[in-house]
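Written out below as structure tokens is the structure these notes cover.
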Amino acid sequence: MATGFYTHPDCVRHEMGEWHPECPERLRAIEDQLIAGRIDGLLERREAPLADESSLLRVHTPEHVAYVRDSVPATGYFPLDPDTVLNPHSYRAALRAAGAAVAATDAVLQGELDNAFCSVRPPGHHATPTRAMGFCLFNNVAIAAHHALEVHGLSRVAIVDFDVHHGNGTEAAFSNDPRVFMCGIFQHPFYPFSGFDHPAPNMHNIPLAARTSGMAAREAIDFGWLGQLDAFRPEMIFFSAGFDAHREDDLGGLGLTEADFAWITEKVKAIAMRHAKGRIVSCLEGGYNLSALGRSVVAHLKVLADI
């Protein structure tokens, strides 16, 4: 078997204006670094399908899905909020992003792939059941996790979010759900200013101060939620893989490097090997310095694929 790599050209057609950091060039930068790192031919490429509405509705309300769908402009842009904008291709791109996460979950659970990475956009972890925000339309990881639970019948899944921003939408989708263990790191205080105040018992967040180094982040994870993740014995693990905690990324203020993302991946993969037959699906979230993003994804993929 192999590591799957899901993407689609529709994900590049979504754009929110030349000023916007969540840009199509992000996916092109990843592709360039796959070639530069000589791992592009070592992954099993798969085309992201369109998610069906039933998958979206496991997380989002019908009103939210309809609002995003019906707000897509025929030309130009439509702002859902100051940071989250639709163009004529955005809804289809969002369906590809969610569809990649669902298809990757199917392929991993059916034994076709060891694990998978979804190189898709728009990202998802800020999208709540009722609201698009923070560059996100639909919550790709939450949709995939619900699919694993409700379609495949898993009892316990874990979500590891290492984006510089707290995954408030994912937390809203699973707060107090004993089937889901969500853990992660994020900068605090920072957008969306959540995740630090009285989280639900199944939420294990580590807020980090600006300028926290990669070594300090590793220590916080090691003495924080890593043992609890192991004790949860997840049957599958999902990554919300945001790389904007990289020290070169101007949208955040943390000090991680590619080596730190690889370390997190190694530690979590070891737990997946013990309890989940190695089953991991990783979905791209943030990462806005193009060079750092591409290099970090390669480091993440090298661990997933044992390269």
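Each reported figure results from applying straightforward, stated rules to the coordinates on display, with no laboratory input. Please read these numbers as outputs of a predicted model, since none were measured by experiment. Counting neighbours? That spans all protein chains shown, and the Cβs are built from the backbone with ideal geometry, glycine included.
At a glance:
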quantity: For the range 3-304, share of DSSP beta bridges that run antiparallel, in % to the nearest 5; calculated: 10 percent
quantity: For the chain, size of Cβ-based charge dipole, Lys and Arg +1, Asp and Glu -1, in debye; calculated: 540 debye
quantity: Charge dipole (debye, nearest 20) of the range 50-102; +1 at Cβ of Lys and Arg, -1 at Cβ of Asp and Glu; calculated: 200 debye
quantity: For Phe181, distant residues with modelled amide H under 5 Å away; calculated: Val157, Ala158, Ile159
quantity: Neighbour net charge for Ala51 - beta-carbon separation under 11 angstrom, K R +1, D E -1; calculated: +1
quantity: Integer Hz, Karplus 6.51/-1.76/1.60 couplings in order for the range 177-186, x for Gly and Pro; calculated: 8, x, 6, 10, 10, 10, 9, x, 10, 6
quantity: Dipole of the chain, positive direction: furthest Cα of Gly227, Leu95, Pro122, with charges on the beta-carbon; calculated: Gly227
quantity: Met273-Ala216 pseudo-label distance in nm [points 7 Å out on the Cα-to-Cβ vector]; calculated: 3.1 nm
quantity: 11 Å beta-carbon shell around Asn202, net charge (K/R +1, D/E -1); calculated: 0
quantity: Hz values of 3J(HN,Hα) by residue in the range 149-155 - Karplus curve (6.51, -1.76, 1.60), Gly and Pro given as x; calculated: 6, 9, 8, 8, x, 5, 9
quantity: Cβ-based net charge around Leu137, under 15 Å, with every Lys or Arg adding one and every Asp or Glu removing one; calculated: -3
quantity: FRET E, pair Ile35, Ala231, Förster distance 41 Å, beta-carbon r, rounded to 0.05; calculated: 0.55
quantity: Spin-label model distance (nm) - Glu44 vs Arg28, 7 Å beyond Cα toward Cβ; calculated: 3.0 nm
quantity: Highest-first arrangement of 150-158, 275-283, 110-118, where packing means the average Cβ count within 10 Å; calculated: 275-283, 110-118, 150-158
quantity: Order of Asp306, Asp230 under a 10 Å beta carbon neighbour criterion, fewest first; calculated: Asp306, Asp230
quantity: Of Pro9, Trp263, Ala200, farthest towards positive along the dipole that unit charges on Lys, Arg, Asp, Glu beta carbons give the chain; calculated: Trp263
quantity: Read-out log10 I(q)/I(0) by the Debye sum over Cα atoms at q = 0.07, 0.11 Å⁻¹, derived from the coordinates shown; its label in [x] -0.36, -0.76; [y] -0.22, -0.57; [z] -0.29, -0.69; calculated: [y]
